[in-house]
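Derivation of every value follows stated rules applied to the coordinates shown; laboratory data play no part. Here the structure is a predicted model, which means the values were calculated and not measured. Here the Cβ is made from the backbone with ideal geometry for all residues, glycine too, and neighbour counts use every protein chain on show.
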């Protein structure tokens, strides 16, 4: 594989397939380069190379054009964790940007000047020199399912290496058409539905499909070969009639995929769901596919792994420069793992997911997993809350179930030690989730606390 410096220079030299569709029925590849050249000229005119700019659009063509402009010497870009008014105000206040790329579909926060796409000859794109491949060119956020969203910096090496590694491993090519249920401002969506298809000269559908009927329709009515989705969407497809004759690859990330959901999808489509484990800060770390009898996570070839104090430590070119590393260049994650003899591993839960209740250690992920396996349970999310009456912690659970709270509690007392039974238990029709399919911890905590 070419070095990343050579790869980026080749990218900036121009599109390999100028007339090929990048965003289906939206942009051909030369369009993306022309918009990138327009952004680059605008940034030069405004003397904005040292000022961060927020990307306030879900338009994949515009997002890719902005990244090209940054590579060609443009500014650092910020991708917010959501395009809601509240999230954009929080991002503005925290990151202090004054300009935002927009297509006009999103209301920008007060005081922010919009930069709209303008086209120039794409041959003028590299004006001003190339960005250093190990410099920061993106700031994006964790999904916020376990805490408030946190910003992480990423370099061209981080992002383009991962996208190219994935392209090669999964043999993504110009013959592929990609559909997605995850937005492109999330790192998973950015990698799999913006960068990876771009590097492969593939095509991607412009919309983000989130409702069951539209996901089923896009798979049926389009020659989709690759589906990029999240566990909550595989869950809602479980039981549906899925017809997708062209599908050859399906991805899931942003949280654990329920084994039964993955097996059902494989039974209906013949395509196993490739479950990707990683994070915004580490990039992709490993993969597995239970439907194809790959039950344990297999580290990617480009990632080195070791275990220290039960916790997974990783080393790769994908690590955010913000991360603290040991003397060997490894970052210690917050996940506990158990390795097998074949260098595959099983996730044991978060290190910070083990709490003390009544003086005893309780693994919240283990409690959550056991509840999910009970008959009549569709989903469950288990958290710890401040204990009552001087207790060190209370366990709380929000559960999608056909049982009453009393019936479920009775079952839980039969299978758990008393300290592991959730003292606060809510039965709900639907557990709140974020746009990327993760549990919405803030919304869940408000439900539990009655706010």
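Here are a few things to note about the model shown:
- Residues 241, 186, 297, arranged from fewest to most other Cβ atoms within 10 angstrom of their Cβ, appear as 241, 297, 186.
- Overall form of region 278-397 per C-alpha gyration tensor (a/c, 1.5; a/b vs b/c): oblate
- C-alpha long axis of helix 405-415 to longest principal axis of the chain, angle in °: 80
- Note that region 138-286, at 37 °C in a medium of 0.692 mPa s, gets a Stokes-Einstein diffusion coefficient of 211 µm²/s from its Kirkwood radius over C-alpha pairs.
- Efficiency of FRET between residue 214 and residue 16 - r from beta-carbon atoms, R0 45 angstrom, step 0.05: 0.90
- As a calculated quantity, the FRET efficiency between residue 113 and residue 341 at R0 = 60 Å, using C-beta atoms, amounts to about 0.55.
- Length gained on full extension, residue 351 to residue 311, computed as 0.36 nm times the residue gap minus the Cα-Cα distance: 13.7 nm.
- Peptides 362-368, 395-401 ordered by packing proxy, namely the average of other Cβ atoms within 10 Å per residue, highest first: 395-401, 362-368.
- Potential lengthening between residue 236 and residue 430 on full extension [0.36 nm per residue; Cα-Cα distance subtracted]: 68.7 nm
- Global geometry of region 57-176, whether rounded, prolate or oblate, following the gyration tensor of its Cα atoms and the 1.5 cut on a/c: oblate
- Relative contact order of region 1-131, pairs being alpha-carbon contacts under 8 Å that are 6 or more residues apart, as %: 30
- Most tightly packed first, judged by the mean number of other beta-carbon atoms within 10 Å of their residues, the peptides 214-223, 60-69 read 60-69, 214-223.
- P(r) histogram, all alpha-carbon pairs of region 358-449 included - 10 Å bins from 0, percent: 16, 52, 28, 3
- Gain upon complete extension [residue 386, residue 175; 0.36 nm per residue less C-alpha separation]: 70.6 nm
- Relative contact order (%) - criterion: Cα under 8 Å, at least six apart; region: the chain: 10
- Per-q log10 I(q)/I(0), the chain, q = 0.08, 0.09, 0.11, 0.12 Å⁻¹ (Debye; single scatterer per alpha-carbon; no solvent): -0.48, -0.61, -0.91, -1.07
- Inter-label distance, nm, simple model (7 Å from Cα along the C-beta direction), residue 222/residue 449: 4.0
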